[in-house]
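The values are calculated or read from the model by the stated rules, or taken from the named source; none is laboratory data. These numbers come from a predicted model, not from an experiment. Counting neighbours? That spans all protein chains shown, and the Cβs are built from the backbone with ideal geometry, glycine included. Surface areas here come from the heavy atoms of the whole protein model, side chains and all, with no ligands, DNA or RNA. Shrake-Rupley method; radii C 1.70, N 1.55, O 1.52, S 1.80 Å.
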Amino acid sequence: MKLTEEKQLLSMKYDPSPYFKLCSPDRDMQNPQGYALERANGLTKEGLSTGFFSLVANVYDEDEKNYGVLMKYRTRMGSDKLMYLSLTDDFFEKLTEDSFYLKNDPVVLDAIKEMISYPLTKYEYFVPYFSRCMYSKKFHGFSLPDGLYTKDGKKYIVYDNKNAQNSNVLGVSGSYDEWKSNIASHLVKYPIPTFALLVSFAALLYPFVNLGTIIVHFYGDGSRGKTALLQFAGSVFGRGSEPKNDNDASFLSTWSGTGAGLEAMASMYNGTVGLLDELHLIKDADFPQAIYSLCGGASKSRSKSNGKLQSNSKWRFPALSSGEESGFEKILKTKNPTLGQFVRFLDVPVTEQIFTEFNGELVLDKKGSEALASHLKNACSLHYGHAGRDFMTQLLNLADNHEQLQSLVAQQRTDIFNHLCSVELKQEEMRVMHHFALFVLAGYLAVDFGILPLEKADVLNAVVKMRDLWCKNKQSNQSMALEKYNPQKDYVSMLRQGIIKDVHSYGYTTDLKIKGNCKGFLKCKRYGQEMNAYLLYPKTFEDIFSGCDLKEVCEKLSETGFLLRDKDQYKRLHRIAGLTGNNGGSARVALYTIDSSIIEASVDEITIDDFSDDELDMAMDLIRNQRKSNQQAAEESLMTED
């Protein structure tokens, strides 16, 4: 079956057979044209049963669920329209509310139900069903409320999202040329506004990389253009108006609301860019969990009234946030800062008006900057939605399918990543650079596509400036926070010393006989993607951290990259040759999995006095003989962890 455009579907002739026949005019009806029911089984009706209609296409999603049909119908006012109908709909109410004549007669309604469930081979055309914005591997296209954008143009879809705001604000308005000449041409002169645009375009590259949600937060005193940055980014996809001036008609959201409300907001932003204004609106106590929830990419499991679990909402996008307060200040109020918060919620200080500086020189005074910001903010509510659709269409034309585009993005992003990491960065900062490399690549493509009028060097400079601002700010804040609230806890050193102390009690996963008093195992890599690891029995791990909060320990070790977790579980399953499972083969056991680099990277830090000669000799011998994980495997593992 073929994808099609709206105009093709609307041009199809009315033909509801075999259930209905053309009805003669009825003087009692305001609109007498339509059909009367005529059934082979004798259940027929005299007079008008329906207005003009035809079922013109099958409808279902990528998983062949949400099956229904697309109806073309004529309203009492003579307009031709399309509507998605399924057996779960109250289609009588849906159609009659839209001024379609449909007799409320069980026999007539049953006939239409039969037509909805007619065999799939009936219709020539197929219309995909979507309930959110996303990239579709099956159709190699991006779905938005107004259609499926493919390399062959925009195709008609059923966008069945119950959130009306989602459909209203993700539209297209005004002139694309006006957006380029009166919005983008000004923004690309300044690094921070340029960066905001790059993050928005980068959202369309996330389906082709293994990265999760990340939030860049602009903070500083009022009237510096922080909300405007979100409006500029929003205009790439939809209506970039200011929320407080445009109520529900803005693509921007705020930090207000409950956890469930933020999850619903996150689901709305899937496939585009997240935009959250007014950080002060979220309660301090709720903020740390909100970071993890938004960046986790899935809603909490909740029960329906019948006791069954609701299906989880999922999302993935880069996000921009703004407020006068920094995320660091808000986190400090909870007195429990963690490294994970610093690399998921990136504080970027805005110390001057965003339009005062260009290439390090002051080019506009405060009055001129505020006037330009006001002009651009207004323009973003008039001209919007064109650039994102142009970008996605040209992007899809670079390859024939997801795999090819994924490979292309990976190749180009690697060199950019290496350049961004050419300065001295900590391990967790390098993880963030995977996202920043994608921002740069999006900018390069936007230049190649003729969307942004600037040089590629300016793209890189804008991202490097944001990298430096964030790293400097993060390192200062992190040191202050961890020194103040966690001065006595060095979980990495505790774990390292615990492993070395008992390393003589570790066997190999391939040993057919388990050592007496075994504390765990050594697993040596067999393939390029794997890493050498120490596998600790739960009791061993708990003994090392006796008296500590194990959840806190696991979270912080995961953030450093030394504890290799399995999605939402802290332990991973490993096959141990010396243990017999239910089927007679080797058993799979859940063990704490520790990257061997925890010891390799710190050989010089080992204090000889802490261990006996035998223990130290055995530990050092194992360290020297164990094959080291190469850098590429480490980076790929970190990307997977993200």
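Quick notes on this structure:
- The range 515-577: trypsin sites (Lys or Arg not before Pro) in DSSP coil with no more than 10 other Cβ atoms inside 10 Å: Arg526, Lys567
- Heavy-atom accessible area per residue - the range 151-250, 1.4 Å, Å²: 32 Å²
- Among the listed pairs Lys155/Lys189; Lys474/Lys567; Lys283/Lys556, a Cα-Cα separation exceeding 30 Å is found for Lys155/Lys189.
- Of the peptides 136-146, 407-417, the ranking by mean beta-carbon count within 10 Å, highest at the top, reads 136-146, 407-417.
- If you sort Cys548, Cys380 by accessible surface, 1.4 Å probe, largest first, the order is Cys548, Cys380.
- Accessible area of Asp468 in the full protein assembly, 1.4 Å probe (Å², nearest 10): 70 Å²
- A 1.4 Å probe, protein heavy atoms only, puts the accessible area of Tyr206 near 0 Å².
- Expressed as a whole percent, the accessible area of the range 215-293 that falls on carbon and sulfur atoms is 46 (1.4 Å probe).
- With all protein chains in place and a 1.4 Å probe, the accessible surface of the range 395-446 carries 46 percent carbon and sulfur.
- For Lys515, a cut-off of 18 angstrom between C-alpha atoms picks up these lysines, skipping any fewer than 8 places away in its own chain: Lys501, Lys523, Lys539.
- For the range 142-151, Karplus couplings with θ = phi - 60° (6.51, -1.76, 1.60), whole Hz, Gly/Pro x: 9, 9, 10, x, 8, x, 9, 8, 10, 5
- Rg and Dmax of the range 132-199, both derived from C-alpha coordinates alone, stand at 15.1, 40 Å.
- Farthest towards the positive end of the charge dipole of the range 371-456, among the residues Ser374, Asn418, Leu454, is the Cα of Ser374, using unit charges on the Cβ of Lys, Arg, Asp and Glu.
- Residues Ile157, Ile544 ordered from highest to lowest accessible area at a 1.4 Å probe: Ile544, Ile157.
- For the pair Lys138 and Lys567, a Förster radius of 22 Å applied to the C-beta separation gives a FRET efficiency near 0.35, rounded to the nearest 0.05.
- Exposure of Met430 as accessible area (Å², to 10), given a probe of 1.4 Å and all protein chains: 50 Å²
- Using a Förster distance of 56 Å, the FRET efficiency for Asp160-Glu324 (Cβ separation, nearest 0.05): 0.90
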